[in-house]
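Everything below concerns the one structure shown next.
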Amino acid sequence: MADQISAGTQIGNQVMAVDITDDVLNLTMPGINASNNNNINEGSACSKYCFVNPPFIRKLIAEILGTYFLIFGGCAAVVLNAGEEKVVTLPGIALVWGLIVMVLIYAVGHISGAHFNPAVTIAFATCKRFPWKQVPAYILTQVLGSTLASGTLRLLFEKEHFFGTLPAGSNVQSLVVEFIITFLFMFVMSGVVTDTKAIGELAGLAIGATVLVNVIYAGPISGASMNPARSIGPAIVSSNYNGLWIYILGPISGAIGGAWTYNFIRTTDAPIIREITKSSSFLRSSPSPDGYQLLFQCDLQRRGETNETNQQQHLDNFFCSAFKSQ
């Protein structure tokens, strides 16, 4: 689901993103960079034959497993709630989807980017944060994982329970809802995954919470798919393709819109204290002296200050103000 959890955010000493991968998102964490893809940069041979490259195979396996458990867990909650007792309830279903997304992002985000979603993969590719040559393989594995999970649920539960997504109202209503919720989903993901000024350690939590909220208010309307694979898998297993186009067009267009909108409003890449100090935990908010010194030098360059007397005076004022703020 996430193309990466972090191409500029930090998890401990690692930069994290949902593209939590250097290969996928162009971020700063191992496994969050699309342009610095380890698979592509390991040599010309890997660049030409990346689909048989062992690291890339591991990514595909991570995507299959991640999508499988995502669809199995979320759709299982839907099936269990389809009975007369309604044991799970709508908030329960939303909680399951949100939590499993969060858990899987932290589990395999550093391996594959934790997309689990063709809309996410395509959106990151359009923003040049994921290589287009890997898009078909990612989408294929995501749909395969969803289909396998749907097949498992079909074997375990009664066949009359359809756990796919269907419009509750008109097709246009569901299409608009899917566009909006996927737009929000991708907008949040782009912020916590690709922006170096976001707190990468919380990326999984933020993305999971967004899914949870979307399912609560959009579930009764469109089923809150946000993911073509989530709808395609159950449709294939149940041979029910009614309104499937809504859950392909809506999420893909919404994800692309969300990703490009965040890229448009993204702040500049000016240094910030958290990035300079490279603190081992996001709980440590106080920069080290070396961090302050580097920040001060950057500030001098920005001001264009060359006079040594003025530099010293500015240094005194800078450190006095910085330590008073702690």
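Selection of first residues in the range 240-268 that are on the phi > 0 side of the Ramachandran plot and of second residues that are crowded, with 19+ Cβ neighbours inside 10 Å, restricted to Cβ pairs under 6 Å at least 6 apart or on distinct chains, gives the following pairs, ordered by first then second residue: Gly243/Pro167.
Residues are listed down the side, and each one gets a yes or a no for (1) among the hydrophobic types (A, V, I, L, M, F, W, C); (2) under 20 Å from the mean Cα position of the chain (by Cα); (3) at pLDDT 95 or above:
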residue	(1), (2), (3)
Cys127	yes, yes, no
Pro136	no, yes, yes
Ile139	yes, yes, yes
Val143	yes, yes, yes
Arg154	no, no, no
Ser170	no, no, no
Leu175	yes, no, yes
Phe179	yes, yes, yes
Phe187	yes, yes, yes
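Taking (1) under 23 Å from Ser222 (Cα atoms); (2) surrounded by 21 or more Cβ atoms within 10 Å (Cβ to Cβ) in turn, Ile139 satisfies each apart from (2). For the condition more than 18 Å from Ser222 (Cα to Cα), in contact (Cβ under 8 Å) with a residue 60 or more places away in the chain, over 17 Å from the mean Cα position of the chain (by Cα) and part of a helix (DSSP H, G or I), Thr121 does not qualify.
Would you mention how many residues in the range 188-212 are over 14 Å from Arg129 (Cβ atoms) and not aliphatic (A, V, I, L, M)?
Just the residues of the range 188-212 that are over 14 Å from Arg129 (Cβ atoms), to begin with: 188, 197-212.
The next check asks that each one be not aliphatic (A, V, I, L, M); those that pass are 197, 200-201, 204, 208, 210.
Looking only at that region, the number is 6.
Would you check if Ser112 is under 23 Å from Asn240 (Cα atoms), crowded, with 17+ Cβ neighbours inside 10 Å, touching a residue at least 24 places away in the same chain (Cβ under 8 Å) and assigned by TED's automatic domain parsing to the domain that holds Glu201?
Working: under 23 Å from Asn240 (Cα atoms): no; crowded, with 17+ Cβ neighbours inside 10 Å: yes; touching a residue at least 24 places away in the same chain (Cβ under 8 Å): yes; assigned by TED's automatic domain parsing to the domain that holds Glu201: yes.
Spelling it out, it is not the case that Ser112 is under 23 Å from Asn240 (Cα atoms), crowded, with 17+ Cβ neighbours inside 10 Å, touching a residue at least 24 places away in the same chain (Cβ under 8 Å) and assigned by TED's automatic domain parsing to the domain that holds Glu201.
When Thr152, Thr147 are checked against the criterion of being under 17 Å from Pro228 (Cβ atoms) and in a helix (DSSP H, G or I), Thr147 stands alone in meeting it. Of the residues making up the range 208-256, those that are surrounded by fewer than 24 Cβ atoms within 10 Å (Cβ to Cβ), hydroxyl-bearing (Ser, Thr, Tyr) and part of a helix (DSSP H, G or I) number 4.
Would you pick out the residues in the range 156-206 that are in contact (Cβ under 8 Å) with a residue 40 or more places away in the chain, hydroxyl-bearing (Ser, Thr, Tyr) and not in a helix (DSSP H, G or I)? Across the range 156-206, the qualifying residues are Thr165, Thr196.
Residue by residue, here is whether (1) within 22 Å of Tyr68 (Cα to Cα); (2) not hydrophobic (A, V, I, L, M, F, W, C) holds:
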site	(1), (2)
Ile221	no, no
Met226	yes, no
Ala229	yes, no
Ser238	yes, yes
Trp245	yes, no
Ala259	no, no
Asn263	no, yes
Arg266	no, yes
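Please state which one of Trp132, Trp97 is in the same structural domain as His161 (by TED's automatic domain parsing), among the aromatic types (Phe, Trp, Tyr) and surrounded by fewer than 24 Cβ atoms within 10 Å (Cβ to Cβ). Reasoning before the result, please.
Details: Trp97 fails: surrounded by fewer than 24 Cβ atoms within 10 Å (Cβ to Cβ).
Exactly one residue qualifies, and that residue is Trp132.
Please verify whether the range 104-117 includes one or more residues that are more than 13 Å from Arg230 (Cβ to Cβ), of a type outside the set (Asp, Glu) and in a loop (DSSP other than H, G, I, E, B). Within the range 104-117, one or more residues are more than 13 Å from Arg230 (Cβ to Cβ), of a type outside the set (Asp, Glu) and in a loop (DSSP other than H, G, I, E, B).
The values are calculated or read from the model by the stated rules, or taken from the named source; none is laboratory data. From a predicted model like this one, the values you see are computed outputs, not experimental measurements. Glycine gets a Cβ as well: all are built from the backbone with ideal geometry, and neighbour counts include every protein chain shown.
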